[in-house]
Amino acid sequence: MSQSVFTPHSKASQGSSIPPLKIRSARVIVTSPGRNFVTLKIETDQGVYGIGDATLNGREKSVVAYLEDHVIPVLIGRDARRIEDIWQYLYRGAYWRRGPVTMRAIAAVDVALWDIKAKALGAPLYDLLGGKSREGVMVYGHANGETLEDTLEAVGRYIEAGYKAVRAQSGVPGVDLAYGVGRGDLYYEPADAQLPTETVWSTRKYMNYLPNLFEALRKRYGFDVELLHDGHHRMTPLEAAQLGKRLEPYQLFWLEDATQAENQDAFRLIRSHTTTPLAVGEVFNTIWDAKDLIQEQLIDYIRTSVVAAGGLTHLRRIADFASVWQIKTGCHGATDLSPVTMGAALHFDTWVPNFGIQEYMRHTAETDAVFPHAYSFSDGLMHPGDGPGHGVDLDEALAAKYPYDPRQLPVARLEDGTMWNW
Ligand code: KDG
Ligand code: MG
């Protein structure tokens, strides 16, 4: 690596409580214990290592290439303590900024560096962020069913298991393969084939049906449990406004991704017609994707996750910005985000003052075995664990037994064949 006038990686700072931690190696490990995960392991000359998640569902190899070709070569020799400087180097230094591939690669580095620093200090990661703001992290589970009755029962099982908040997704009469409906009770895995599965969508049928589901849920379970729903970008802004209005009597915790997320202006229309709380942002990568939504207070929850938004360094900037407008966090936590992201998110959630909720879709037993972790669930709350770092590791020998398995997310068309948002 060529060294110019400024060589931050070559100088050991004086007076720091942690000795210099020179990055000795960085490796990408791809494993598929039920689904694909991309993990970055950064090792230092002091023997302390850190783990970061770089998984981009259905596009995994593009992040592997970005890391191996463009990121790892510039990391070697740098001081792992300089998390902010390395983040700025990778973000500003690339010139081609933002986007899901770049920001996931940066996230993997960033989370691994926070893990290293926390381990070097012998502290749980939440202590580096500012310490605990709460005793546990409220999570929502995923209940789904082919029919209304199946979905009611699935929600009941989550309530019995102690969940305080449940997302309800149901099959829609007349629509095959509606979003969010799994083939088993626990694990909804949309990336199901080597080439995208084609699904057919009808917003009319969905909107006619959905209020019945929430009416039945409130009748059966009352108003103490928090109920959530994901529209998955399918509605136009006006349709979303209409649905939000019709759902008001059922007091949802949030209606997520009511319309496609790229057009921040569209939320002005939805917001002006409904008081159903709105959440958006699992597809956002930076603060710029949510700037207008936040400063015009067009949403109530920002969904951006650690892995999507360049790691903890940038996510906490988004959260702080959102806090000015009393917007809370609600980090994405589907199973395509690895246990490493879950662990890092739980440390973030434990600290962040404007915490709202955390999504928790349980991983399979195979995934849990490949990623031994300190986090746990009890009484509807999750706990990140109090050991050093973010508390998630990778069993490399076990990971090697699950080779990459190429799969893609589905696509959606309207009933007349028009391509739509999946
Ligand atoms: O890979 C896509 C999934 O992460 C996404 O479909 C899940 O919308 C989702 C959610 O809210 O968890
Ligand atoms: Mg979603």
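Each value in this text was obtained by applying a stated rule to the coordinates, not by laboratory testing. Nothing here was measured: the structure is a model prediction, and the numbers come from that model. Cβ placement follows ideal geometry from the backbone for every residue including glycine, while neighbour counts extend to all protein chains displayed.
The angle separating the long axis of helix 148-160 from the principal Cα axis of greatest extent in the chain is about 50 degrees. Rounded to the nearest 10 degrees, the angle from helix 83-92 to the longest Cα principal axis of the chain is 70 degrees. 3J(HN,Hα) along region 375-391, derived from phi through the Karplus expression 6.51 cos²θ - 1.76 cosθ + 1.60 where θ = phi - 60°, amounts to 6, 8, 10, 7, 6, x, 10, 10, 10, x, x, 10, x, x, x, 8, x Hz, with x in place of Gly and Pro. For the Cα trace of region 186-329, dividing Rg by the Kirkwood Rh returns an Rg/Rh value of 0.98. Between Ala161, Val324, Tyr126, the Cα set farthest toward the positive side of the dipole of the chain (charges on each charged residue's Cβ, about the Cα centre) is that of Val324.
Could you check how many percent of all C-alpha pairs in region 112-220 are farther apart than 24 Å? In whole percent, the share of Cα-Cα pairs in region 112-220 beyond 24 Å is 46.
In this structure the amide hydrogen of Arg234, modeled in the peptide plane, comes within under 5 Å of no amide hydrogen from residues 5 or more places off or on another chain. Taking the square roots of five times each eigenvalue of the Cα gyration tensor of region 66-171, the equivalent ellipsoid has semi-axes of 40, 21, 10 Å, listed largest first.
Taking amide hydrogens as placed 1.01 Å from N in the peptide plane, the amide H of Leu278 sits under 5 Å from those of Leu255, Asp300, Tyr301, each at least 5 positions away in sequence or on another chain.
Per-residue 3J(HN,Hα) values for region 356-371, derived from phi via the Karplus relation 6.51 cos²θ - 1.76 cosθ + 1.60 with θ = phi - 60°, read x, 6, 10, 6, 9, 10, 4, 7, 6, 4, 5, 5, 4, 6, 5, 10 Hz in sequence order (x marks Gly and Pro).
Counted over region 349-422 with a bin width of 10 Å, the fraction of Cα pairs per bin, in whole percents, is 13, 30, 25, 22, 9, 1.
Backbone geometry of region 218-231 corresponds, through the Karplus equation with coefficients 6.51, -1.76 and 1.60 at θ = phi - 60°, to 3J(HN,Hα) couplings of 5, 4, 7, 10, x, 10, 7, 7, 7, 10, 10, 8, 10, x Hz, x marking Gly and Pro. Put simply, the amide H of Trp420, placed in the peptide plane, has neighbours under 5 Å in Ala412, Arg413, Leu414, leaving out anything fewer than 5 places away on its chain. The convex hull built on the alpha-carbon positions of region 167-266 has an orientation-averaged projected area of 7.3 nm². Rg over Rh for region 303-383 works out to 0.97, using Cα positions for both radii and the Kirkwood form for Rh. Dividing the summed helix terms, -39500 (n - 2.57) for each DSSP H run of n ≥ 4, by the number of residues in the chain produces a 222 nm estimate of -9500 deg cm²/dmol to the nearest 500. Under 16 Å of direct C-alpha separation, and excluding same-chain neighbours fewer than eight residues apart, Lys245 reaches no lysines at all. Here the translational diffusion coefficient of the chain follows from Stokes-Einstein with Rh set to the Kirkwood radius across Cα pairs; for 4 °C and 1.567 mPa s it amounts to 59 µm²/s.
How many percent of all Cα-Cα pairs in region 267-340 sit more than 21 Å apart?
Cα-Cα pairs in region 267-340 separated by more than 21 Å: 23 percent.
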